[in-house]
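The structure under discussion appears below in the form of structure tokens.
The values are calculated or read from the model by the stated rules, or taken from the named source; none is laboratory data. What you see is a predicted model, and the numbers here were worked out from it, not measured in a lab. Quick reminder, even Gly has a Cβ in these numbers, built from the backbone with ideal geometry, and neighbours come from all protein chains shown. Heads up: the accessible areas ignore ligands, DNA and RNA and are worked out on the full protein's heavy atoms, side chains in. Shrake-Rupley method; radii C 1.70, N 1.55, O 1.52, S 1.80 Å.
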Amino acid sequence: MNAKDLVALNNEKRKQLNEHNRNYYENMLVYIRSQLLLSEQQSEELLMELLDHLLEAQKHGKMAEDIFGTDAKAYCDELIRQLPKEKKRNIYAFIGYLAVRLFALGVLVTGAVELVAEWFTDVDDTVYLGKASVLFVIDFAVILLAVALVMRWIRKSAFHDDSSTFGGKVKEFLGIWFACCLVIGMFVLAEKLVPEFGYRIEAGGMVRILFGLFVFAVTWRLNKKFRITK
């Protein structure tokens, strides 16, 4: 079974766990899946094996602590040290795939906004390829950094869940709000600081939308053929 099939099967089989065992196991699942450099296939196979062990133990009236111990994080860390890293070519292919999809999404959004704006005012359709390229690299780097920070936060909070309390919910909301504001602020700052340069083209809203859809279609086809996202 590939990683996607294992994830789907895991989602179904977890429903058989009681509430306590499910909470314990899902903390382990989140912690292991947040290790982005590990082999996705091997990680999902390990998680399925752990789930099967827990389900079998539950049938005999045992709890998760009886199988994995009271220190779930230490247990997971030991397992993670034994897991292989994801192949570099798969990591680069995945990052490239995300970059192209982000580019297509950006083109679609700006195209849709411009198409609506054209009904109310005159819109400058000029695009400077040099500036657009630099902004894309900066924006993508910011997004990668944000993802890395989010994954780090998830790993740190996996076994210290206080989101059920009012204070925990407020803290979580403020953290997410601050991160979103920071990312958006960096996007706006980059737009203001990067000067216009490079080859100049005219691309209206409909042109951008059609181009964005074309790029999405190409990436979808490539992903289906080469299983970039497994």
Calculate, for the chain, the solvent-accessible area per residue in square angstrom, rolling a 1.4 angstrom probe over the heavy atoms of the protein chains.
-> 66
Label-to-label distance, nm, for residues given as Ile201 and Arg227 (7 Å Cα→Cβ offset) = 3.5
For segment 1-80, the Debye formula with one identical point scatterer on each Cα and no solvent gives log10 I(q)/I(0) at q = 0.13, 0.15 Å⁻¹ as -0.36, -0.48
In debye to the nearest 20, how big a dipole does segment 1-80 give about its Cα centre with +1 on each Lys and Arg Cβ and -1 on each Asp and Glu Cβ?
-> 280
Asp66 accessible area, 1.4 Å probe, all protein chains in place, Å² to nearest 10 = 100
Relative packing of 206-217, 8-19, which averages over residues the other C-beta atoms within 10 Å, highest first | 206-217, 8-19
Relative contact order for segment 1-80: what is it in percent, counting Cα pairs under 8 Å that are at least 6 residues apart?
-> 38
Taking segment 66-107, which trypsin sites (Lys or Arg not before Pro) meet the DSSP loop condition and have no more than 15 other C-beta atoms within 10 Å?
-> Lys87
So what's the back-of-envelope 222 nm ellipticity for the chain, counting only DSSP H runs of four-plus at -39500 (n - 2.57) apiece and dividing by all residues, rounded to 500?
-> -25500 deg cm²/dmol
How much of the calculated P(r) for segment 76-173 lies past 15 Å, in percent of all Cα pairs?
-> 78
Output row, site Lys87, 7 Å Cα→C-beta label point, backbone N cut-off 17 Å, window segment 204-230, residues 223-230
Can you give the accessible area of Tyr24 in Å² (nearest 10), computed on protein heavy atoms with a 1.4 Å probe?
-> 20
Extension gain (nm, one decimal) between Lys4 and Glu172, 0.36 nm per residue minus Cα-Cα | 57.6 nm
Using a 1.4 Å probe and ignoring any ligands, DNA or RNA, find the accessible area of Val113 and quote it in Å² to the nearest 10.
-> 90
Total charge dipole magnitude, the chain, about the Cα centre, Cβ charges on Lys, Arg, Asp, Glu only, Debye to nearest 20 = 620
When all alpha-carbon pairs of the chain are counted, what percent fall beyond 28 Å?
-> 49
